[in-house]
1. Restricting to the range 66-75, give me the number of residues that are among the charged types (D, E, K, R) and loosely packed, with under 10 Cβ neighbours inside 10 Å.
2. Can you run down the residue pairs with Cβ atoms below 7 Å, 6 or more apart or on separate chains, where the first is in the range 52-77 and more than 14 Å from S19 (Cβ to Cβ) and among the aromatic types (F, W, Y) and the partner is open to solvent by 100 Å² or more (accessible area, probe 1.4 Å) and in a helix (DSSP H, G or I)?
3. In this structure, does L45 turn out to be without any contact (Cβ under 8 Å) to a residue 60 or more places away in the chain, within 12 Å of D6 (Cα to Cα) and open to solvent by less than 60 Å² (accessible area, probe 1.4 Å)?
4. Would you call V37 farther than 11 Å from Y53 by Cα and in contact (Cβ under 8 Å) with a residue 24 or more places away in the chain?
5. Looking at (1) at pLDDT 90 or above; (2) within 18 Å of the chain's Cα centre (by Cα); (3) in a helix (DSSP H, G or I), find the lone condition where R70 falls short.
6. Pairs under 6 Å by beta carbon, first residue under 18 Å from K64 (Cα atoms) in the range 22-33, partner modelled with pLDDT of 95 or more and open to solvent by 70 Å² or more (accessible area, probe 1.4 Å), six or more apart or different chains?
7. Sort out which residues of the range 1-20 are surrounded by fewer than 18 Cβ atoms within 10 Å (Cβ to Cβ) and among the small types (G, A, S), and write them in order of number.
Amino acid sequence: MEISLDDRAVMLGEYIIESGSTVREAAKKYGISKSTVHKDVTFRLRSANPAVYRSVREILDKNKSERHIRGGLATKHKYEIIGENLK
């Protein structure tokens, strides 16, 4: 049974709200592309369920404002691993 696009958007939105996850994490969980998740929760969700859309938008904005920190931590971790391998 196929799920409708609006239902999928609501399902993804609810997952992001419950877990506070990023678009990338939601895509990995459901086995779909990041661009599909992003389109679902930014465009389709707005008309399918405006209340869920507003909550998801807050989480996406928070994630966007923090992404430079996550990137820096990932780089730090990468070079810590490289340093351990050199010893």
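The values are calculated or read from the model by the stated rules, or taken from the named source; none is laboratory data. Because the structure is a prediction, the values reported are computed rather than measured. Backbone-built Cβ (ideal geometry, glycine too); neighbour counts: all protein chains shown. Side chains included, ligands, DNA and RNA excluded: accessible areas come from the protein's heavy atoms. Shrake-Rupley method; radii C 1.70, N 1.55, O 1.52, S 1.80 Å.
1. 0
2. Y53/R46
3. Judged against the criteria, L45 is a match.
4. Here the answer is yes, as V37 does meet what is asked.
5. R70 satisfies all of (1) at pLDDT 90 or above; (2) within 18 Å of the chain's Cα centre (by Cα); (3) in a helix (DSSP H, G or I) except (1).
6. Partner pairs satisfying both residue conditions: V23/K34; V23/H38; R24/K34; A27/K34.
7. Within the range 1-20, S4, S19, G20 qualify.
Each row is one residue, and each column tells you yes or no for (1) within 15 Å of the chain's Cα centre (by Cα); (2) among the hydroxyl-bearing types (S, T, Y); (3) modelled with pLDDT under 95; (4) open to solvent by 80 Å² or more (accessible area, probe 1.4 Å).
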{"position": "S33", "(1), (2), (3), (4)": "yes, yes, no, no"}
{"position": "D40", "(1), (2), (3), (4)": "yes, no, no, no"}
{"position": "R57", "(1), (2), (3), (4)": "yes, no, no, no"}
{"position": "K64", "(1), (2), (3), (4)": "yes, no, yes, yes"}
{"position": "I81", "(1), (2), (3), (4)": "no, no, yes, no"}
